Amino acid sequence: METLRIKCPSCGIVLEVKNSKNEKVKKITCPNCQKLLAVTFGDIAAPVGSLYKGSTRYQLNEGANAVPGVPSGMVELRVIRLKDGTTKHILRVLTGEQKVKVNGQSLMQDDEIVLQQGDELTMDVIVLSFDKPQTNHEDSPEQTHEHAPATPKKTKNEHKLSKPSWLLWPVFIMAVALLFMFLWPAKPVQQPKIVEKDTLVKVIRQTEPAKKEVKESSKTSKPQPIKQPKASGEMDLGYAVWYGKSVNGRPDGYGTMTFRKATRIDSRDDQGRIAQSGDKVKGNYINGHLEYGTWFKSDGSKEEILLGQ
């Protein structure tokens, strides 16, 4: 019989729940605050994100997900787990009726966007909010598994001894500050030097050539290179035409690559995929290399590509 120790999210009391009937989910009532709690037994899969419609929570899974209350032909939500264990949530628009908005910004057909924590999704009349899972293992709001033994309660005598201990800290800090002030050597006060008139004229004349040397050295110094800002538009790469943002003549950002001849999609692709003339790749590029995107082939098929940074 499995036994779990959980912490009530409302009052913080620790409860011990026994699974006498081998249930996956057991509902109990907190004896302290009378809140209804749901306790899950067995292995708990790692969370990959959630969608909230009001107070209702919809759990997301890896791969393709249906958006609750939205027709299947309107949007597609894919969850991809990267090599470092993190996840990317990519929302793709399938319709051209301009009914999909993310944080108030309208999306066109075939547009893709990576969702971030707290994004608001508006699809026709349905409004959802996106919740991205945290990377560290934190306690869920409904239950907290405690594998460590409970800490023993302090006796009354221990409480009496520990309460006034924090009052000694201000006295200790003040004593250290006073000791530091008395022991730290004071800086000697320098008396202003009296410079005669003739000496002052000589000093000024001697410093004038140095100013000229500084000006000459500033003229000969090489100008610092200025980083070019991102440009947006169409760029001819020879083997393909890029439409999107670019930096220093390389694709950098989200856009479309239309191939003119058979070319390897990316030099970092371990599978060595070759795009033919007329093929398109819509996705996100970083410094000229594809990070992720969709390969639209000339025969009408398509393929998802994920290479990472």
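The values are calculated or read from the model by the stated rules, or taken from the named source; none is laboratory data. Because the structure is a prediction, the values reported are computed rather than measured. Here the Cβ is made from the backbone with ideal geometry for all residues, glycine too, and neighbour counts use every protein chain on show. Protein only, heavy atoms only, side chains kept; ligands, DNA and RNA dropped before computing areas. Shrake-Rupley method; radii C 1.70, N 1.55, O 1.52, S 1.80 Å.
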*Once fully extended, how much extra length lies between residue 74 and residue 175, figured as 0.36 nm per residue of separation less the alpha-carbon to alpha-carbon distance?*
29.4 nm
_Those trypsin sites (Lys or Arg not before Pro) in segment 49-122 that DSSP places in a loop and that have at most 11 other beta carbons within 10 Å_ = 83
*Grab the other residues whose beta carbon is less than 14 angstrom from that of residue 105, score K and R as +1, D and E as -1, and report the net.*
-2
*asked:* Just to confirm the filter: which chymotrypsin sites (Phe, Trp or Tyr not before Pro) across segment 239-284 are DSSP coil and have at most 16 other Cβ within 10 angstrom of their Cβ?
replied: 239
*Round to the nearest 10 and report in Å² the accessible area of residue 305, as given by a 1.4 Å probe over the protein chains' heavy atoms.*
10
*To the nearest 10 Å², what's residue 40's accessible area with a 1.4 Å probe?*
50
*Give me the Kirkwood hydrodynamic radius of segment 1-114, using the inverse of the mean 1/r over all pairs of distinct Cα atoms, in Å to one decimal.*
17.4
*Can you flag which of 26/132; 132/282; 7/35 are past 18 Å Cα-Cα?*
26/132; 132/282
*What number comes out for the charge environment of residue 118, summing +1 per Lys or Arg and -1 per Asp or Glu over other residues with Cβ under 11 Å away?*
-2
